[in-house]
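Asker: Attaching a single structure in C-alpha cells format; questions to follow.
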Amino acid sequence: MDIVAVVTEPGTDFNPRRMERYFTLIRRSGASPLILLNKTDLFSREEVEKAMQILRELSPECAIISISALHNRGITEFRKCLSKGKTICIVGSSGVGKSTLVNTLLGDEWLWTGEVNEVTGKGRHTTVARELVLLKHGGLLIDNPGIREIQMWTDEHTLRESFADLTELAHECKFADCSHGKDSGCAIRKAVDEGKLDKERYLNFLNLENEIARLAKRQKKRQMNVERAGKRDRKVQARNYEDRVELERRHKPNHRSHD
C-alpha cells in the first residue's frame, strides 16, 4: 500500500482512541495515512472543525480531507491523492460511507450500498469482501468491509513514535524501568494528575503497551511450537538407518558417511 485512507465522520463513529490505533498501525506498515472526514453535510461547521482539530493534534503530519461522498464535496481534492502506479486502501467502520465514496470516484454504482441503522449508527452489511478496483488513471483502490475492532500488530519502537509526548515525559520518571502505572515518581502519571496530559490518551497508551506485550508473548510461544515440531519431525526421521544418514547429510553438507 502507498496510502491507507481511514474514513470516519464527526458523529457517533468518531473515536480519537481508535484513530490513534489506526495511526500506529499505518505508520508501522510504511504507508502514508490519510483521513477522510465524511458526511460533513450532516453536521455543523463547529462539529466538523472540532473533529479536524482533534485529528491534527493526534497526528500533525497526517493529511485530512473534509468530504461528503454523497454530495461529491471534497472529492476533487481526494482525487489528487490518486495517481498512476499508486495503491490506496480504504478502511473504516461500517456505515461511514466507504462504498458511497468508491461509487462517487468511479461515477457508477460499482458497490452496493445499504441504509444505516438509525439506532446503532452502523451500516447494514454493505461491503462484505475486499474489492480491488482499477481506476481510470491507472491507480489501484482497495475497498474493505467495515472494521469493528483494531488489535495491535506492531512493536514497542513504533508505539513510542506514536506517543512521542509520553516518551519525553518518561525520561523524567524516577526509575528507568517505570511501568507508568503505580510506580512512585512516575512523571507521566503526575502529568495526568496535574491536568497536563489527557487521561484517556494515557490509558490508551497503557492499553497499547499491554496488547503489544501479549502479542510478543504469543509470537514467542508460536516460535517455540515451530521449533518443537521441527525437532519432533527430525526424531521421527531418525528412527531407521537410511533416514538418519539422510538427516545427517541434510544438516551437515560436508559430512561423509563411511562404509
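The values are calculated or read from the model by the stated rules, or taken from the named source; none is laboratory data. All figures in this text were calculated on a predicted structure; none of them were measured in a lab. Please note: Cβ atoms are built from the backbone with ideal geometry, for glycine as well, and neighbour counts cover all protein chains shown.
Asker: For the stretch 183-230, name all the residues that are hydroxyl-bearing (Ser, Thr, Tyr) and closer than 27 Å to Ile150 by Cβ.
Answerer: Tyr202
Asker: Here are Ile35, Ile88, Ile64: which of them is part of a strand (DSSP E or B), without any contact (Cβ under 8 Å) to a residue 60 or more places away in the chain, closer than 22 Å to Leu134 by Cα and β-branched (Val, Ile, Thr)?
Answerer: Only one candidate qualifies: Ile35.
So that you can scan it fast, the table gives a plain yes or no per residue for (1) over 16 Å from Cys89 (Cβ atoms); (2) buried (at least 20 other Cβ atoms within 10 Å of the Cβ); (3) of a type in the set (Val, Ile, Thr):
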| position | (1), (2), (3) |
| --- | --- |
| Val6 | no, yes, yes |
| Glu9 | yes, yes, no |
| Arg17 | yes, no, no |
| Tyr22 | no, yes, no |
| Ala31 | no, no, no |
| Lys39 | yes, yes, no |
| Leu42 | yes, no, no |
| Val48 | yes, no, yes |
| Gln53 | yes, no, no |
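Asker: Just to be sure before I move on: is Glu172 in a loop (DSSP other than H, G, I, E, B), among the acidic types (Asp, Glu) and at pLDDT 80 or above in the structure I sent?
Answerer: Criteria met by Glu172.
Asker: Does at least one position in the stretch 71-78 carry a residue that is among the aromatic types (Phe, Trp, Tyr) and at pLDDT 80 or above?
Answerer: Within the stretch 71-78, one or more residues are among the aromatic types (Phe, Trp, Tyr) and at pLDDT 80 or above.
Asker: Sticking with this structure for a sec: Within the stretch 67-93, how many residues are buried (at least 19 other Cβ atoms within 10 Å of the Cβ) and among the hydroxyl-bearing types (Ser, Thr, Tyr)?
Answerer: 2
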